[in-house]
1. Only one of B:107, B:118, B:111, B:129 is closer than 23 Å to residue A:609 by Cα, crowded, with 17+ Cβ neighbours inside 10 Å, touching a helix residue (DSSP H, G or I) at 6+ places or on another chain (Cβ under 9 Å) and more than 10 Å from chain A (Cβ to nearest Cβ); which?
2. If I ask for residues that are more than 9 Å from every other protein chain (Cβ to nearest Cβ) and within 15 Å of residue B:109 (Cβ to Cβ), which ones from the stretch B:157-178 would you list?
3. Considering each residue of the stretch B:132-144, count those that are modelled with pLDDT under 90 and surrounded by 18 or more Cβ atoms within 10 Å (Cβ to Cβ), and give that number.
4. If you take the residues of the stretch B:57-66 that are away from chain A (no Cβ under 11 Å) and assigned to a loop (DSSP other than H, G, I, E, B), which of them is nearest to residue B:147 (Cα to Cα)?
5. Anything in the stretch B:67-85 that is within 7 Å of another protein chain (Cβ to nearest Cβ) and under 21 Å from residue B:152 (Cβ atoms)? List them, or say none.
6. Inspect all residues belonging to the stretch B:78-94 and state whether any of them is in contact (Cβ under 8 Å) with a residue 24 or more places away in the chain, within 16 Å of the chain's Cα centre (by Cα), closer than 29 Å to residue B:159 by Cβ and in a strand (DSSP E or B).
7. Among (1) at pLDDT 90 or above; (2) within 10 Å of chain B (Cβ to nearest Cβ), there is one condition residue A:571 misses while meeting the rest; what is its number?
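The values are calculated or read from the model by the stated rules, or taken from the named source; none is laboratory data. Only a predicted model underlies this, so the values are computations on that prediction, with no experimental measurement involved. Note that each Cβ is placed from the backbone with ideal geometry, even for glycine, and that neighbours are counted across all protein chains shown.
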């Protein structure tokens with residue numbers, strides 16, 4: 001190696017080392033995001049990120065003993081006898097141990113108890129008939145009763161029988177200790193840290209991302225022996241073979257106008273249509289796909305008519321994906337018959353056009369037809385999926401044009417016939433049309449209603465807007481609401497919120513001052529007098545000042561581990577409209593762990609449910 | 001002689017290159033330390049100095065104050081439980097009012113799964129909002145769909161700005177649109 005080469009090598013090495021050191025300072029590292037939201041930029045969960053691991057609760061293993069039913073409060077006063085060594089032992093006999101007796105026994109036939117009945121004298125007064133001696137025999141009217149002795153109750157009070165009140169601090173105040181094994185279960189919280197580098201975000205459920213279908217293959221393989229016939233027309237099906245071969249022939253040969261399925265078959269990959277003007281006749285057969293979509297039209301030159309010359313011909317997508325049975329990315333699809341089933345049935349992108357004159361379109365979870373391009377419906381039967389956030393028999397999205405002149409719409413209540421996703425232009429020609437804004441999109445605009453025969457009222461439910469939305473004339477700068485729509489005018493739709501229920505609530509709270517005292521040592525009773533919490537303004541009052549019935553709940557949360565607990569006289573209460581205010585009272589139990597001095601010890605949350 | 005000049009030139013370029021790399025590295029470090037967006041919003045312990053920009057005066061509001069217990073507080077709130085979020089506009093549409101009879105300023109938050117997505121500025125008594133802006137980056141955490149969320153309403157002393165020990169939560173239905 002020459003000197004020059006050596007020098008160059010040293011330079012390159014030095015530069016590489018320098019770059020390595022500098023680049024290691026950059027905040028890029030490895031873009032590894034773990035399932036719990038950790039990455040190189042957020043290696044540990046912090047208070048800010050909100051992450052809480054799930055903690056499984058453990059039950060308290062404390063078992064109540066006789067002591068849990070008794071209060072030990074020594075009443076012994078030292079005297080001369082116990083000056084040297086006090087021999088007093090607290091016992092029930094010495095009244096130091098008191099048991100809270102709380103027997104709920106009601107006398108019954110088993111306990112043997114009966115009350116005694118005192119004797120009562122006969123009220124009979126002897127008259128003439130008793131001249132020779134009283135002939136009166138005691139009866140119901142004379143009032144005579146013999147004395148009946150009482151019999152005692154043989155019920156014996158016991159702890160097991162529930163006759164003694166539990167005064168155990170474990171149960172009353174939840175004062176679990178190190179020995180009882182109690183662990184409070186905690187629900188986990190996802191990590192809220194958003195890492196811009198890694199684009200990680202908290203786990204908020206998102207609408208399913210649909211992968212783009214594979215566009216690489218001209219015609220994807222179907223089951224190898226899937227058989228179709230094709231030719232110039234239904235009467236001239238001169239060729240036979242696979243669907244792949246038929247589609248390839250139709251793309252390249254404009255004479256091929258008709259492809260007819262000869263048997264039912266399944267495919268696991270997308271069937272791409274990249275050109276040609278022809279009909280796919282289902283011929284009463286079923287094409288089952290486990291790809292997304294099953295058939296993908298992706299050429300502006302393609303015009304594909306779907307028909308069914310037989311009975312019950314189907315294209316079925318067995319996956320949960322939204323693109324469904326047929327997706328039109330570019331080009332045109334015309335549906336005259338057959339059934340199309342999937343999570344969604346037909347999916348139209350902005351460069352796609354679909355005309356539907358017949359056929360059955362059934363979505364299991366999604367939209368029967370999702371229109372992002374041009375959609376004309378004058379027939380067919382449409383059934384929406386069951387997902388309330390994705391459904392709509394027909395869903396139209398931004399920039400799409402939907403023309404509806406017919407069709408039968410079967411909805412999963414309360415899904416509307418047409419879910420208007422974003423800014424949408426719907427040409428409405430008649431029939432009953434229900435509009436539902438997709439996921440509450442607001443405001444909906446540019447609903448152009450033209451060519452319908454009669455002026456009609458919105459209140460006729462011929463056009464049903466979502467709750468809280470009203471029409472206004474697009475030309476009206478003040479956007480005054482209109483209830484009757486006129487022909488050949490364009491309307492905007494505005495959100496008024498007027499039909500949303502507005503609740504009004506007043507909440508009043510006191511000073512919420514709590515003072516804890518150890519009490520004063522009473523030299524006579526050898527006890528602390530006045531130990532515990534005293535409260536000032538410890539109430540929260542909720543008043544319903546609106547017309548909507550509400551339910552109020554209260555909760556107290558310590559700001560730190562002060563080792564005392566809060567109790568409410570009630571934690572929840574209905575507060576109907578026009579009712580009296582409801583007051584909640586807060587008390588604290590237990591001794592604080594630390595000395596407190598003029599501190600904010602906790603917060604009160606008032607929850608209002610409708 | 002020529003070789004020496006060439007060497008000097010090369011050294012000069014090398015130094016310049018190293019300087020440039022150093023400047024870039026320092027720049028990235030400064031950005032990472034001081035300008036990178038921080039984590040989720042925290043609940044303010046004192047009322048924000050700035051009042052809510054989208055706040056409007058409540059029409060025909062009486063303004064007669066509620067009676068407030070000594071040391072306590074008294075508020076009135078009006079609201080709708082429907083909240084709509086527009087991701088493209090980065091706004092939330094809702095109805096929330098702090099009527100004039102309240103004795104406290106308020107801050108309203110829209111929360112989904114304990115993540116604060118919207119936090120208003122101070123809403124003084126007599127003010128209402130129908131639109132609030134999403135917090136920075138909140139739109140990245142959401143996808144179109146329906147969510148169960150809550151309005152968290154924090155109360156602040158009108159004079160001292162100190163947060164009250166009482167706050168309110170109202171369950172709401174939130175729809176998120178593209």
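1. B:118
2. Answer for the stretch B:157-178, where residues must be more than 9 Å from every other protein chain (Cβ to nearest Cβ) and within 15 Å of residue B:109 (Cβ to Cβ): just B:172.
3. If we filter the stretch B:132-144 for residues that are modelled with pLDDT under 90, which is where we start, we get B:136-144.
Next, only the ones that are surrounded by 18 or more Cβ atoms within 10 Å (Cβ to Cβ) stay: B:138-139, B:141-142, B:144.
Count: 5.
4. The residue in question is B:58.
5. If the condition is that a residue be within 7 Å of another protein chain (Cβ to nearest Cβ) and under 21 Å from residue B:152 (Cβ atoms), then B:72, B:73, B:74, B:75, B:76, B:77, B:78, B:79, B:80, B:81, B:82, B:84 are the ones that fit.
6. Checking the stretch B:78-94: at least one residue is in contact (Cβ under 8 Å) with a residue 24 or more places away in the chain, within 16 Å of the chain's Cα centre (by Cα), closer than 29 Å to residue B:159 by Cβ and in a strand (DSSP E or B).
7. (2)
So that you can scan it fast, the table gives a plain yes or no per residue for (1) assigned by TED's automatic domain parsing to the domain that holds residue A:373; (2) in a loop (DSSP other than H, G, I, E, B); (3) touching a strand residue (DSSP E or B) at 6+ places or on another chain (Cβ under 6 Å):
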position: A:251; (1), (2), (3): yes, no, no
position: A:269; (1), (2), (3): yes, yes, no
position: A:299; (1), (2), (3): yes, no, yes
position: A:302; (1), (2), (3): yes, no, yes
position: A:324; (1), (2), (3): yes, yes, yes
position: A:331; (1), (2), (3): yes, no, yes
position: A:344; (1), (2), (3): yes, yes, yes
position: A:347; (1), (2), (3): yes, no, yes
